[in-house]
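Q: Okay, handing you the structure first.
The values are calculated or read from the model by the stated rules, or taken from the named source; none is laboratory data. Only a predicted model underlies this, so the values are computations on that prediction, with no experimental measurement involved. Ideal geometry is used to build each Cβ from the backbone, glycine not excepted, and the neighbour counts take in all protein chains shown.
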Amino acid sequence: VDLKDKCAVVTGGANGIGAALCRRFAAAGVRTLVVADLDEANARAVAEEVGGTPALLDVRSPTAIAALVEHIWSDTAPIDLFCSNAGIAVAGGPETADAQWTACWEVNVMAHVWAARALVPRMLARGGGTLLNTCSAAGLLTQIGSASYSVTKHAAVGFAEWLAITYGGQGLRVSVLCPQAVRTQMTAGSEGGGVAGVNGMMEPPEVAEAVVLGLREERFQILPHPEVHEYVLRKASDIDRWIGGMQRLQARFSADGMHRKG
Ligand SMILES: NC(=O)c1ccc[n+]([C@@H]2O[C@H](COP(=O)([O-])OP(=O)(O)OC[C@H]3O[C@@H](n4cnc5c(N)ncnc54)[C@H](O)[C@@H]3O)[C@@H](O)[C@H]2O)c1
């Protein structure tokens, strides 16, 4: 996809990876850019910087997502690229409170479903469009220290695969963005990015660069950290050996997966 003169929406666009996507999309010449986030102040600041439009959006609300899509589509322009990028991470295992599991499901998975519900019929009717869903390397491998993040990011990858398979023949393009550690609010305070940072912390603009390249090449998987491809191959070719390796990695980190032991 060539971004010039396109209409793009980025959820979670106020900070971190989403803000970097907005800046990079603006540099690529998008015509309309909507910076959608719960964080109204930073959404406004990013929108002002990139010549975009801020939108207050809670992606946990299916009606709010539908209303935003409807509003942009009918008042401004058909949406060419919708980035479901907002995401949250909670440390812990099965003891994680149900309310936190629900929040992770809604933000990390259902928001992608609700966006697709509003967008897919419209995009198919005009012959195509692109969905970029920010998942994580945790959705292909796992997240040491967070069951809810691992599970919901896997589900998000699964949903995107299904969309690509089902609607690809009708012109819908779907990509999953699966980075390892990136220096944002989400990883702040976890020295070296915690366990996800074993291959080093990436800066958000580098991730955005990989996204523009991946979108241009219409790749399903966008992997800013190239090591992830190798890990996925290892996991697929010998799962028991891979689990053993991950157990050794787990042993190097404390229970929340955020701090190195010793
Ligand atoms: N930082 C990393 O290491 C890393 C690695 C892999 C994947 N990711 C994923 O990248 C995406 C962006 O994360 P980030 O690292 O930039 O973190 P971040 O915390 O800097 O940004 C997340 C943004 O999402 C917004 N948001 C959260 N809940 C929302 C809601 N209910 N409605 C609307 N907006 C909401 C926040 O206000 C924030 O602006 C997430 O999906 C995250 O899971 C991050």
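Q: Out of the residues in segment 16-42 that are small (Gly, Ala, Ser), under 19 Å from residue 1 (Cβ atoms) and in a helix (DSSP H, G or I), state the one that is nearest to the ligand (Cβ to nearest atom). Break it down stepwise before answering.
A: We begin by selecting, within segment 16-42, every residue small (Gly, Ala, Ser); these are 16, 18-20, 26-29, 36, 41.
Among the residues that remain, those that are also under 19 Å from residue 1 (Cβ atoms) are: 18, 20, 26-29.
Now restrict to residues that are in a helix (DSSP H, G or I): 18, 20, 26-27.
Numbers: 18: 6, 20: 8, 26: 17, 27: 18 Å.
Per the criteria, the residue is 18.
Q: Within the set of pairs 6+ apart or on separate chains, which have a first residue in segment 108-122 that is in contact (Cβ under 8 Å) with a residue 60 or more places away in the chain and under 12 Å from residue 66 (Cβ atoms), a second that is within 11 Å of the ligand (Cβ to nearest atom) and in a helix (DSSP H, G or I), and C-beta atoms under 8 Å apart?
A: Pairs that qualify, where the first residue is in contact (Cβ under 8 Å) with a residue 60 or more places away in the chain and under 12 Å from residue 66 (Cβ atoms) and the partner is within 11 Å of the ligand (Cβ to nearest atom) and in a helix (DSSP H, G or I), are 111/65; 115/65.
Q: Here's a follow-up. Restricting attention to segment 174-183, does a residue exist that is farther than 21 Å from residue 15 by Cα, away from the ligand (no atom under 11 Å from the Cβ) and modelled with pLDDT of 95 or more?
A: Yes, there is a match, as at least one residue in segment 174-183 is farther than 21 Å from residue 15 by Cα, away from the ligand (no atom under 11 Å from the Cβ) and modelled with pLDDT of 95 or more.
Q: Let me ask something additional. Given the conditions (1) within 13 Å of residue 224 (Cβ to Cβ); (2) within 11 Å of the ligand (Cβ to nearest atom); (3) surrounded by fewer than 19 Cβ atoms within 10 Å (Cβ to Cβ), and given that residue 188 satisfies all but one, which numbered condition is not satisfied?
A: It is condition (1) that residue 188 fails.
Q: Out of (1) of a type outside the set (Phe, Trp, Tyr); (2) more than 9 Å from the ligand (Cβ to nearest atom); (3) out of contact with any Asp or Glu (no Cβ under 7 Å at 6 or more places or on another chain); (4) under 19 Å from residue 173 (Cβ atoms), what's the single condition that is false for residue 139?
A: Going through the list (1) of a type outside the set (Phe, Trp, Tyr); (2) more than 9 Å from the ligand (Cβ to nearest atom); (3) out of contact with any Asp or Glu (no Cβ under 7 Å at 6 or more places or on another chain); (4) under 19 Å from residue 173 (Cβ atoms), residue 139 breaks only (2).
Q: Still on this structure: Kindly provide the set of residues from segment 1-45 that are β-branched (Val, Ile, Thr) and closer than 18 Å to residue 186 by Cα, ordered by number. Working first, answer last.
A: Our first condition is that a residue be β-branched (Val, Ile, Thr); within segment 1-45, this holds for 1, 9-11, 17, 30, 32, 34-35.
Matches in segment 1-45: 10, 11, 17.
Q: Among residues belonging to segment 93-109 that are outside any helix (DSSP H, G or I) and in contact with a helix residue (DSSP H, G or I) (Cβ under 7 Å, 6 or more places away or on another chain), point out the one that is farthest from residue 19 (Cα to Cα). Working first, answer last.
A: Residues of segment 93-109 outside any helix (DSSP H, G or I): 93-97.
Subset that is in contact with a helix residue (DSSP H, G or I) (Cβ under 7 Å, 6 or more places away or on another chain): 93-94, 96.
Values: 93: 30, 94: 32, 96: 29 Å.
My answer is 94.
Q: Has segment 96-105 got at least one residue that is under 23 Å from residue 151 (Cβ atoms), near the ligand (Cβ under 9 Å from one of its atoms), crowded, with 23+ Cβ neighbours inside 10 Å and not polar (S, T, N, Q)?
A: So far as segment 96-105 goes, no, none of its residues is under 23 Å from residue 151 (Cβ atoms), near the ligand (Cβ under 9 Å from one of its atoms), crowded, with 23+ Cβ neighbours inside 10 Å and not polar (S, T, N, Q).
Q: Can you tell me how many residues within segment 106-116 are among the small types (Gly, Ala, Ser) and either more than 10 Å from the ligand (Cβ to nearest atom) or at pLDDT below 95 (or both)?
A: To start, the set of residues in segment 106-116 that are among the small types (Gly, Ala, Ser) comprises 111, 115-116.
Next, from what is left, pick out any that are either more than 10 Å from the ligand (Cβ to nearest atom) or at pLDDT below 95 (or both): 115-116.
Qualifying residue count, segment 106-116: 2.
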